[in-house]
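FYI, it's all coordinate maths here, none of it is from the lab. What you see is a predicted model; the values in this text were computed from it and never measured. Because the Cβ atoms are built from the backbone with ideal geometry, glycine has one as well, and the counts that use them run over all protein chains shown.
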Amino acid sequence: MPLAGLFAGALGAAIAPFALRLRGPYLAIVSLGLVYIGIYAARNLPALTGGLNGTVVTAPVAIGPVDFAALQVGPFLLTREQGMFILCWGILALVLC
């Protein structure tokens, strides 16, 4: 993780002098271009990025007695993904307050 942060910082420092001279839609085009270059690198450099396989997260989704993997709201039993969605939005709401 620290190496990824250093790499991103170095890449940003290399591009910033050129991007700071741009205004309006040109800055947006450069920003979107960097995103597409990152996606291209992730797809085509699997030895460096791990490819597009992704990672399976099996960590428990519970805070205290509330298990978000088997959350029941009224008569509805929510799936693990729906529970994660509610948990993430709840944490975001707490952070923004």
Mind checking the angle between helix 2-19 and the chain's longest principal axis? C-alpha axes, 0 to 90 degrees, to the nearest 10.
-> 50
Tilt relative to the chain, helix 25-44 - C-alpha long axis, 0 to 90 degrees, to 10 = 70
Using distinct alpha-carbon pairs, which all enter the 1/r mean, Kirkwood radius of the stretch 2-49 in Å = 11.9
Helix 80-96 versus the longest principal axis of the chain: what is the Cα-based angle in degrees, 0 to 90, to the nearest 10?
-> 70
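Gain in length, ILE15 to VAL56, computed as 0.36 nm per residue apart minus the alpha-carbon separation, to one decimal in nm?
Full extension from ILE15 to VAL56 adds 11.4 nm.
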Loop-resident sites, the chain, for trypsin sites (Lys or Arg not before Pro), counting at most 16 other Cβ within 10 Å (DSSP) = ARG21, ARG23
Of the listed values [x] 88; [y] 128; [z] 202, grab the one calculated as volume of the Cα convex hull per residue in Å³ from the structure here.
-> [z]
